Each structure stands twice: as structure tokens, then as C-alpha cells.
Amino acid sequence: MIAGKTQGRASEVAAAWAWVVQRVTAAFLLFFLGSHLWVLHFSLGDEKITFVRVTERLKQPFFQMLDMVLLAVVLYHALYGARSIALDFNISKAGKRALTWGLIVLGLGGFLYGSVALSAFFRAM
């Protein structure tokens, strides 16, 4: 009985931290997504966005790291938000578990796919 209570408490703490991280990623997205859009669209002045300009930018370690972090944050924020919406429909405990693991796999797959796409620019150095 005590082990069950401890496990229940641990899952509540994990859920609370996941909620906090959701809010932190929202603040991160407001700032860094805005910065990302400014760098892409407004910092060039009258120059057009070209593949060459994007490649030059992505050769810089700062932008490589920023885009990888942005990818991870966007995926977490979006998938946790989708999970929260789905859980509003009062699905079963097994359904919650399947949904959570499915979204984890989807998130890791999305991060891997995005990382491979970004790594093409890293190799262009």
C-alpha cells in the first residue's frame, strides 16, 4: 500500500514538472522564435533570403545550436500540448500510457528527422 502511494506521489510530481516545463518552453518560444524570425526575415535589410545566405548562417555554431534547441523546444511544447488536450477526453489509464509513449516516439522521431535535415548544413562547412 505504501509503495502504491509513493508511486502515485512520484507521478504527480512528474506531471507537475511537465506542466512547469510546458510554461517555460512557452516563454522560450516567445523570445527565441521571435528572434529566429527576425534573423531570417528582417536582419538582412533589403537582401532576399537565399539558400546561400541560409547556409552561411547555419555554418555558425551559435545558429546550429539555436536551431537544434528550438527544434527540441517546439516539439516538446507542441506534443505536450496535444497530450494535454487529448487527456481532457478522459481516456483510460492504458490509453494515457499508449498516448504518452506514442507522443514520445513521435517527438524523438521528429527530432531525429529534423536533426538529420539540419546536419546537412553542418556538413556544408
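Counting only helices (runs of 4 or more DSSP H) wholly contained in segment 1-105, the ones carrying 3 or more residues that are small (Gly, Ala, Ser) and either within 22 Å of the chain's Cα centre (by Cα) or loosely packed, with under 13 Cβ neighbours inside 10 Å (or both) occupy 2-41, 61-87. When restricted to residues that are among the β-branched types (Val, Ile, Thr), closer than 30 Å to Leu99 by Cβ and without any contact (Cβ under 8 Å) to a residue 24 or more places away in the chain, segment 34-86 contains 1.
Values quoted throughout were computed directly from the atomic coordinates according to the rules given, and no laboratory measurement underlies them. Note that the coordinates shown come from a computational prediction; the quantities given were computed from them, not determined experimentally. All Cβ positions, glycine included, derive from the backbone under ideal geometry; neighbour counts span all protein chains shown.
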